[in-house]
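Data first, discussion second: the structure below is written as structure tokens.
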Amino acid sequence: MTSFLLVISTSYAYPIFSANDAKKIHQLGGFSIVNAWSFFSKRYDFLRSNREKTGHALFSFKVFQHQVVAMSGENARKVFFSEKDFSFEQGHRLLRGAVPTLKDIKMMSENSNVIMLNKRLLKIVRKDRLQSGKSYHGSAQSNTSTVIPTLVSDVNKRMEAWGASGKMDPFKDIYDLVFQLTIRLSTCEELATNADSIKKISALYWQYEKSITAVGLLLPWFPSTAKKHQKQSTKDLYDILSHYVDARRKAKVPNSDPFDVLIADGESNAVIVEFALLMIFAGVVNTAMISCWTLFYLGANNEWKNKVIAEVRNLISTYSDASSSEQIHERFSSIPVSVWEDETPAIEGVIRETIRLIKTGPALRRNLGDNIQFADKTVDKGAYVVYNMADVHLNEMVYSEPLKFDPSRFSPPREEDKQGHLLFLGWGAGRHICSGMKIAKLEIKMILALFLSSYEYTLVGKSGMPLKESLQPDRNDIHQSKPLGEPCFLQYRKNLE
Ligand code: HEM
């Protein structure tokens with residue numbers, strides 16, 4: 001660390017004077033190293049406060065040798081999300097660095113780019129595969145449990161382990177649950193039912209996530225301990241996942257699990273492992289964070305909690321046999337995917353509102369094209385570009401009382417998200433729409449449905465006493481958005497019925 005500080009203090013600790021002229025993008029003053037550091041450690045506050053302080057829809061700052069342009073406002077939003085030369089992958093690589101790359105461990109996977117990964121993901125989440133358990137080639141399989149009952153059973157098993165009552169930390173227990181579902185949806189039965197391997201993968205995942213540091217991202221050549229940990233976790237993750245791909249290659253009877261679908265497509269181990277890593281790294285953090293916050297918001301809002309419970313009960317009574325002696329999770333298994341997707345308006349509203357309130361950080365890009373003219377300013381070739389979603393999600397000109405949890409804002413006659421262009425960015429927009437949206441929603445809906453139909457719960461602090469203050473997310477916490485202040489737990493008790 002000392003040598004790192006030496007490097008940065010000799011190379012980069014010089015002041016940038018704001019030699020702003022009207023045609024240039026407003027450049028932040030101060031020390032570039034301080035700006036870079038604030039951007040990495042308190043990203044939300046940094047972008048928001050500088051937007052307010054400067055009054056400029058566009059301002060720029062240096063992250064070492066790189067120029068970063070922060071954009072806001074409706075016109076900027078249109079350009080940001082539609083510009084073909086703004087690279088999603090390059091933006092994330094420098095400014096977020098969240099997905100392990102096999103290049104780091106000298107393994108190359110052919111066709112490794114976000115377009116190919118999206119194509120593979122779309123095959124995996126095809127409705128017929130999720131519903132029927134057939135392979136996407138359409139051939140019937142001998143070993144066909146359908147995905148919905150498997151997911152329901154996974155959720156149920158984890159919840160059974162919580163016992164009839166207790167106090168849980170959702171940032172541990174709900175995260176573990178989402179991890180289980182993500183492994184189920186991205187790998188194979190053998191791995192999804194091996195608790196030890198899942199535990200190992202989860203530990204490596206967190207080791208990797210926690211070792212993403214500003215130093216590692218900004219100075220990739222710098223041999224930091226965090227960098228070493230990252231490489232080691234990538235290698236260990238590769239070894240575990242690849243072992244399960246090999247096991248499926250040797251299996252006598254193919255099935256419809258994602259690994260088998262990709263094997264049948266002729267994909268290599270490297271491609272299949274990279275696919276699973278993308279699902280895990282792109283999926284777990286967001287899905288678990290939104291699952292936790294839906295439970296927090298509903299825990300503080302009886303009206304919406306009751307609406308969701310009524311919707312879930314209605315699904316069960318419509319799609320399963322009320323006179324049967326099946327347990328509640330068995331009855332959920334007979335609800336078709338299309339019903340989970342299309343006939344849950346209250347849960348949809350809750351998820352959308354939670355995402356609006358929680359996804360407030362920046363989307364990231366890099367301009368790989370020529371200089372781009374925007375209004376009378378120029379975004380240089382090679383510059384990084386960021387757009388803070390709070391610019392629209394927490395904007396009182398778009399959403400009335402923007403900090404209030406109120407899913408009815410999306411329904412007629414209000415439809416606040418439809419009164420202009422790109423007013424909801426929670427699943428992405430324009431060129432980069434979330435390709436995991438379907439499975440993320442399915443996972444969150446199952447967690448909510450099973451939890452709310454089986455348990456009563458209240459929000460409590462560490463001491464077990466009900467929380468006094470309403471919860472606000474720490475918007476600078478880019479990994480989990482945990483609540484500010486006192487940690488929040490769920491005190492739960494199983495329903496008697
Ligand atoms: C509640 C959960 C989730 C939320 C709120 C969410 C949100 C988003 C957002 C906002 C973007 C666009 C980012 C940008 O424009 O910079 C995005 C892109 C993406 N997401 Fe998700 N996501 C979730 C779950 C998932 C899951 C479960 C997966 C995979 C299994 C996934 C895979 C992806 C991929 C591959 C992209 C890039 C798409 C592209 O560039 O074409 N996401 N997601």
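Heavy-atom surface analysis with a 1.4 Å probe gives the chain a carbon and sulfur content of 53 percent of its accessible area.
Amide H to amide H distances under 5 Å link Asp406 with no residue, where only residues 5 or more positions off or on other chains count and H is placed in the peptide plane. The label-point distance for Met437 and Glu486, in a model that sets each label 7 Å from Cα toward Cβ, rounds to 3.8 nm. Seen against the Cα atoms of the chain and their longest principal axis, helix 225-250 is set at about 30 degrees. Only one residue of Thr182, Tyr492, Pro402 has its Cα farthest out toward the positive end of the dipole of the stretch 73-494, where Lys and Arg carry +1 and Asp and Glu -1 on Cβ, and that residue is Thr182. For the stretch 35-76, a crude dipole built from +1 on the beta carbon of Lys and Arg and -1 on the beta carbon of Asp and Glu, taken about the Cα centre, is about 140 debye to the nearest 20.
Stretching Lys123 away from Lys468 to a fully extended chain increases their span by 119.6 nm, per 0.36 nm per residue minus the current alpha-carbon distance.
Residues within the reach of a label modelled at His421 (point 7 angstrom out along Cα to beta-carbon, backbone nitrogen below 12 Å), restricted to the stretch 336-364: there are none.
A simple spin-label model places the labels of Trp221 and Glu456 6.4 nm from each other, with each point 7 Å out along Cα-to-Cβ.
A straight line joining the Cα centroids of the stretch 141-214 and the stretch 445-484 runs 19 Å. Other residues with beta-carbon under 11 Å from the beta-carbon of Asp417 carry, at +1 per Lys or Arg and -1 per Asp or Glu, a net charge of +2. Taking Cα atoms, how many degrees apart are the long axis of helix 114-124 and the longest axis of the chain, rounded to 10 and kept between 0 and 90? Result, in degrees: 10.
Legend: distances between Cα atoms for Lys167/Lys199; Lys53/Lys228; Lys227/Lys250; Lys119/Lys252; pairs beyond 32 Å are Lys53/Lys228; Lys227/Lys250. Think of each Lys and Arg Cβ as +1 and each Asp and Glu Cβ as -1; about the Cα centre, that makes the dipole of the stretch 320-404 roughly 560 debye. Rounded to the nearest 20 debye, the dipole size of the chain about its Cα centre is 1060 debye, using +1 on the Cβ of Lys and Arg and -1 on the Cβ of Asp and Glu. For the stretch 401-428 versus the stretch 307-334, the spacing of their alpha-carbon centroids is 30 Å.
Here Gln90 and Arg414 are evaluated by their C-beta separation; at R0 = 41 Å the FRET efficiency comes out at 0.60. With every protein chain kept in place and ligands, DNA and RNA left out, what is the accessible area per residue of the chain? Probe 1.4 Å, answer in Å². Per-residue value: 45 Å².
Between Glu396 and Lys231, the distance separating the two model label sites (each 7 Å from Cα on the Cα→Cβ line) works out to 5.2 nm. The calculated FRET efficiency for Lys172 paired with Gln373, based on their beta-carbon distance and R0 = 60 Å, is about 0.75. Normalised by the number of residues in the chain, the mean separation of alpha-carbon contacts (under 8 Å, six or more apart) gives a relative contact order of 22 percent. Ranking Pro345, Gln373, Tyr387 by how far each Cα lies toward the positive end of the dipole of the stretch 323-449 (charges on Cβ) leaves Gln373 at the top.
The values are calculated or read from the model by the stated rules, or taken from the named source; none is laboratory data. Since the model is a prediction, treat every value here as computed from it, not as a measurement. Glycine also receives a Cβ, built like all others from the backbone with ideal geometry; neighbour counts cover every protein chain displayed. Surface areas here come from the heavy atoms of the whole protein model, side chains and all, with no ligands, DNA or RNA. Shrake-Rupley method; radii C 1.70, N 1.55, O 1.52, S 1.80 Å.
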